[in-house]
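The values are calculated or read from the model by the stated rules, or taken from the named source; none is laboratory data. Since the model is a prediction, treat every value here as computed from it, not as a measurement. Surface areas here come from the heavy atoms of the whole protein model, side chains and all, with no ligands, DNA or RNA. Shrake-Rupley method; radii C 1.70, N 1.55, O 1.52, S 1.80 Å.
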Amino acid sequence: MDHENQPGCCAEFSAVARTSRRAFLGGALAAGVATTIGSAVIQTAAAAAGTPARGVVVVLSMRGAADGLSLVVPHGDPVYALARPRLAVPSDRLVAKDGFFGLHPALSPLLPLWNAGRMAAVHATGLPVRNRSHFSAMEELEDASPGSTTRSGWLNRLIGSDAIASPLQALQMGGTAPAALYGSAPFLTTRSISEVGIAGADKWDTYGGRNRSLHTMWDKRQTRLAGSMRAAFGAVADFAPVVASPSTPANGAAYPSGDLAKALSEVARIVRSDVGVEVVTVDHGDWDMHADLGTTEWGAMKRNAEQLSGALAAFFTDLGALGDTVTVVCLSEFGRRVAENANWGLDHGYGNAMLLLGAGVRGGYHGTWPGLTNDPDADLLVTTDYRSVLAEVVSSRFGASIPTVFPGFSPTRVGVMLGQ
């Protein structure tokens with residue numbers, strides 16, 4: 001469903017979606033690689049074109065403020081069921097259930113990963129200070145540097161923290177980069193894998209005249225524009241194995257329908273081609289559920305959770321053994337209120353749950369539970385700054401400097417990544 005027309009979507013999030021889509025269609029963007037498929041947008045930051053990646057981190061942003069209390073249910077807290085007499089997920093329907101937590105039944109396709117200890121949930125995470133505005137919370141979350149006047153995101157600081165200079169980082173082909181990728185380190189954008197190429201050098205250019213003429217024009221010039229053109233030629237060439245890779249999923253993977261599944265199938269092709277891409281961000285909208293969040297039998301939460309779990313399960317099946325090199329982090333700008341509203345929905349809240357899957361993840365439930373309060377304005381309080389979770393990911397996967405990626409922040413141990 002188009003989130004701009006979803007009944008339960010608030011006016012502010014609709015504006016975010018419209019702004020993002022207009023900017024994308026207009027080609028206004030920073031440096032980067034962007035692939036968009038319907039409401040899902042992929043951004044890739046390349047490490048070293050033509051050389052193997054050290055590993056891959058996929059950041060999946062559930063846009064619109066997903067309700068972590070529905071995805072990772074605290075059935076052991078009696079307030080949960082009292083505050084949600086119609087929306088609470090019944091305890092006997094939960095999967096991966098322990099004495100206190102359980103997962104929404106629509107996440108069942110992820111049980112093989114959970115049971116193998118390759119999936120974790122960290123509850124009561126979020127920003128250091130409550131922020132219920134989609135606009136500012138997304139930016140604050142992705143800047144991850146409160147108080148800084150420098151416009152840079154944590155992923156850009158991550159890819160700019162080493163000496164790798166990739167030709168792919170200079171290629172700009174359209175799309176809207178998330179704030180997490182804003183900054184001085186270059187990255188590549190494109191609408192889709194198939195669109196990475198030189199305009200005009202297509203099937204009708206049977207003699208290769210387009211490329212020859214461009215190289216003749218730019219290869220020996222010593223200007224900044226010529227340098228950019230040569231970088232673009234290099235990026236296209238280095239990305240060619242991805243474009244040429246088969247689009248058919250591997251290992252018998254069967255992706256469900258939907259934008260997120262299509263986006264992750266493209267990410268799997270990028271990972272398989274191993275052209276040096278180390279960071280991928282995937283945006284998935286439609287999580288703003290002020291109305292018709294529903295139950296385990298109907299509603300937006302059931303639908304979105306099924307899309308999320310089906311797409312991620314197919315993604316890891318598609319990757320096969322390569323899944324041991326890929327870590328997926330799922331997060332949202334803030335959570336929802338504890339108590340349900342009159343419209344079968346939940347209003348903007350604060351704390352949330354983060355999901356992690358794949359390489360280096362220490363499976364199971366993590367975090368410190370703050371306890372719930374049942375009143376109309378009550379939030380899930382934050383006991384774990386989300387940056388502490390991300391710090392463990394970038395440290396364990398890339399050995400990155402935490403002060404560089406998260407300036408001024410001192411993480412506390414979460415233990416969700418092996419070796420941390």
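Calculated on the alpha-carbon coordinates, the convex hull of the range 314-420 measures out at 129 cubic angstrom per residue.
Here is how the number arises for the chain: DSSP H runs of 4 or more residues each give -39500 (n - 2.57), the sum is divided by the residue count, and the result at 222 nm is -9500 deg cm²/dmol.
Ignoring ligands, DNA and RNA, what percent of the accessible area of the chain is carbon or sulfur (1.4 Å)?
About 54 percent, which is the carbon plus sulfur part of the accessible surface.
Compare ALA268, ALA201, ALA400 in a GNM of the chain, Cα atoms joined below 10 Å, and give the one with the largest fluctuation. Its mean-square fluctuation being the largest, the pick is ALA201.
Ordering ARG362, ARG221, ARG84 from largest to smallest accessible area (1.4 angstrom probe), what's the sequence?
From most exposed to least exposed: ARG221, ARG362, ARG84.
Taking the Cα centroid of the range 259-327 and of the range 350-377, what is the distance between the two, rounded to the nearest whole Å? The range 259-327 and the range 350-377 have Cα centres spaced 19 Å from each other.
Of all the Cα-Cα pairs you can form in the chain, what percent are over 36 Å apart? That tail contains 23 percent of the Cα-Cα pairs. Normalised by the number of residues in the range 260-352, the mean separation of alpha-carbon contacts (under 8 Å, six or more apart) gives a relative contact order of 31 percent.
Ligands, DNA and RNA are left out, and with a 1.4 angstrom probe the accessible area of the range 316-420 is 34 Å² per residue. Based on every Cα atom in the range 176-322, Rg and the maximum pairwise Cα distance Dmax equal 19.7, 65 Å.
With viscosity 0.890 mPa s and temperature 25 °C, the Kirkwood radius over alpha carbon pairs of the range 364-420 converts through Stokes-Einstein to a diffusion coefficient of 190 µm²/s. Surface listing: ARG157, ARG336, ARG151 arranged by accessible area from highest to lowest gives ARG151, ARG157, ARG336, probe 1.4 Å.
Taking all protein chains as they are arranged and a probe of 1.4 Å, the heavy atoms of LYS97 leave approximately 100 Å² accessible to solvent. Structure remark: mean-square fluctuation, Gaussian network model of the chain, C-alpha springs under 10 Å; the largest value among THR189, THR125, THR216 belongs to THR216. Largest GNM mean-square fluctuation across ALA66, ALA244, ALA391, computed for the chain with C-alpha springs under 10 Å, falls on ALA244.
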